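One structure below.
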Amino acid sequence: MNDQPLTDATSMRSDLCGSLRITDVGREVVLCGWVNGRREHSEHLAFIDLRDRSGLVQCVVDGARDLRSEYVVRVTGTVQPRQEGTVNDELETGEIEVRDCTVEVLAEAEPPPFPMHERTQVDENLRLKHRYIDLRKPRMQRNLRTRATVNSAIRRAMESQGFVEIETPMLIASTPEGARDFVVPSRLKPGSFYALPQSPQLFKQLCMVGGFDRYYQIARCLRDEDLRADRQFEFMQLDAEASFVTQEDVFTFINAAIRAAAEAVTGERPGEIPTMTWHEAMERFGSDKPDLRFGMELVELTDLFSETEFNAFKADCIKGIRFEGGAEMGRNKLDGITDDVKSWGGKGLVWMKVEEDLSLNSPVAKFCSEAELAGLVERLEAKPGDLLLLVADARRTVQMLLGRLRLQLGRPPVNEGGFNFLWVVDFPLFEEIDDAGNPTPLHHPFTMPHPDDVELLMTAEGEAFLDIRSQAYDLVLNGWELGSGSVRIHRGDIQQQIFSLLGIGPEEAQAKFGFLLDAFRFGAPPHAGFAFGIDRLTALLAGEENIREVIAYPKTQSGADPMTQAPSAIDDRHLDELGLRLAPQTD
Ligand code: ASP
């Protein structure tokens, strides 16, 4: 048999509803789809809007009384221009309609549990319980198609750069991304568990040892963490790794994939993706994932107040932000944001309103000198009507508080301001010092320290560990962390050393990652990699706040699937087979 030509026609239909145009007038067409709605025209005639994945078309049907919303029908009729005055500009097929229709009901339908138009806000549980109906709506149709476009653009970009797709297993031993594992009990070895991969991290590094010097995979990752708007238990990422490369090479590969995906969706290729050090991002934006769509940068004021008489400003660090036009804010709102800052761990917030003559109106202005106030106006480039917001505290605290406040006051809606990608580089190697005095890794324990800080790694003690930089980098888009990666440690001796700094002794290291350390003894190339979240990228490209809108079958905020009722109990026989007994529930 010959290959079918590439067309939307099938044995059951000739065209897609949404594809018909004025140029089709006179053609007899056969359409299949769902009844989107029905309007009576006269005693016998009715209009039905027929819907398929491509859109809607109006059909004029004689005797349509039995046709209800969401019935699945097959309509045969002739394309005709609509009458003067009835053309619908909002519909792509609005210049035509299908007349003289005969209708065959392919499946009846109960009334849908929620309205099919996009105007009504439907409870999310209800949407997810009947996701198959929700998926019929244009928004979900568009979003899932956007997602498919992103995936295929990424695949093409990676493959054109010589990357090979390799699938890694789902049933594995634990991976070290720092979240909680989902585990699967073993039937053949009762009492033992597989972990589901938090990422393919170790396997992709082993692919490098195995001589595949450019690996990629659109990988499913599972992490048992609390769910949020940008987080699900399972998510997809472009996972990549390459050998004999530096950080810059990784950026080149990933930039190509990201730019191709953005271009495929928006029609515009993003420009060069800029780079900023972690240190600069924290100083200027108070965040390691700065949203560059707007200004309101954190301005350094510490030196301005070095001699201050004002006790609240005798601090390690003082920074401020300027909220343009914010002087209109009333007392209640000002108290509100001050409370917010306190609830985030701040001691307080100083606000100053900029008057017409550039004097500063604030309850604490009287504690500041003329020079200090004039300095504030100059540094923050204050204009009449602005609101200046100042925080004094430990440097990291000031950054965090003003970073959050900046977002709260200035962040544009998700679908405004274009796409501002950014590479954040030179992340610290360690995040904090834990109670046992060991530093904890910010990325994962396979991240190579910055070459200039290796010596410090050998000599550092206590808090000094936090100054050690790594060769880890993040990709950020509009304030969302899209993904992370790093140059890896490829030598067993350095890896052992990092483990011991992290408080992972030789035995534990051997037990958890012995296979990796073993592999490194057999010739591991220098390698580096990256992974970015496809859910997050797609959501932003689709203008959605919540990644659930770009996932076909997501979980609710509480981790449930209202449609399949997962997670659910399993029967005793199954438990026995797995050698499991349930502890009594405490609540
Ligand atoms: N495995 C890391 C992650 O999933 C990414 C990487 O370092 O390549 O976040």
- Query: Considering the Cα trace of the range 354-454, what is its radius of gyration and what is Dmax, both in angstroms?
  - Reply: 20.0, 57
- Point-to-point label distance, residue 515-residue 340, nm (Cα→Cβ direction, 7 Å offset): 4.7 nm
- Roughly what would the spin-label model give for residue 11 and residue 431, points 7 Å off Cα along C-beta, in nm? 5.6 nm
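Rg(Cα) of the range 285-363 divided by 2.2 N^0.38 Å?
Values: Rg = 13.8 Å, N = 79, 2.2 N^0.38 = 11.6 Å.
Normalised Cα radius of gyration, the range 285-363: 1.19.
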- Item | Over the chain, relative contact order from alpha-carbon pairs under 8 Å, at least 6 apart, % | 14 percent
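What number, rounded to the nearest 500 deg cm²/dmol, is the helix-based mean residue ellipticity at 222 nm of the chain, given -39500 (n - 2.57) per DSSP H run of at least four residues and division by all its residues?
Dividing the helical sum by the residues of the chain leaves -8000 deg cm²/dmol.
What FRET efficiency comes out for the pair residue 331/residue 173, r = Cβ-Cβ distance, R0 = 60 Å, nearest 0.05?
Working: r = 58 Å, r/R0 = 0.96.
Computed FRET efficiency for residue 331 and residue 173: 0.55.
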- With each label point set 7 Å from Cα along the Cα-Cβ vector, what nm distance links residue 80 and residue 160? 4.8 nm
- Note down the Stokes-Einstein diffusion coefficient of the range 173-323 in µm²/s, whole number, using a Kirkwood radius over alpha carbon pairs, 10 °C, and 1.306 mPa s. 79 µm²/s
- Query: So if R0 is 35 Å, what FRET efficiency would residue 564 and residue 452 give, r being the distance between their Cβ atoms, rounded to the nearest 0.05?
  - Reply: 0.10
- Quick one: if the Förster radius is 56 Å, what FRET efficiency do residue 575 and residue 369 give, using the C-beta to C-beta distance and rounding to 0.05? 0.15
- Rank the residues 305, 430 as a footprinting-exposure proxy: fewest other Cβ atoms within 10 Å of their Cβ go first. 305, 430
- Query: Taking Cα centroids, how far is the range 372-409 from the range 270-319 in Å?
  - Reply: 9 Å
- Query: What are the ³J(HN,Hα) values, in whole Hz, obtained from phi via the Karplus relation 6.51 cos²θ - 1.76 cosθ + 1.60 with θ = phi - 60°, for each residue of the range 288-293 in sequence order, with x given for Gly and Pro?
  - Reply: 8, 9, x, 8, 8, 6
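Taking 0.36 nm per intervening residue step and subtracting the Cα-Cα distance, what contour gain separates residue 553 from residue 359 on full extension? All intermediate terms of the calculation are to be shown ahead of the outcome.
Details: separation 194, 0.36 × 194 = 69.84 nm, distance 5.62 nm.
Full extension from residue 553 to residue 359 adds 64.2 nm.
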- Message: Taking 0.36 nm per residue of sequence separation and subtracting the Cα-Cα distance, how much length would be gained by fully extending the chain between residue 142 and residue 269, in nm to one decimal?
- Response: 43.7 nm
- Message: Give the separation of the Cα centroids, the range 444-476 to the range 109-172, in Å.
- Response: 39 Å
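Only counting other Cβ atoms within 10 Å, I'd like 488, 13 sorted with the fewest neighbours first.
On the way: 488 24, 13 18.
Ascending number of Cβ neighbours within 10 Å: 13, 488.
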- the range 421-440 and the range 52-107 have their Cα centres apart by a whole-number Å value of 60 Å
- Message: Per q in 0.06, 0.13 Å⁻¹, report the Debye log10 I(q)/I(0) for the chain, using one uniform scatterer on each alpha carbon and no solvent.
- Response: -0.45, -1.34
- Item | Estimated vicinal HN-Hα couplings, Hz - the range 562-567 in sequence order (Karplus 6.51, -1.76, 1.60; Gly, Pro = x) | x, 7, 9, 6, 6, x
- Note on the structure: Computed over the chain: longest principal axis from alpha-carbon atoms vs helix 492-501 long axis, angle to nearest 10 degrees, is 70 degrees
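We did not get these values from a lab; they are worked out from the coordinates using the rules stated. Please read all numbers here as calculations on a predicted model, not as lab measurements. Cβ sites come from the backbone with ideal geometry, for glycine too, and all protein chains shown count toward neighbours.
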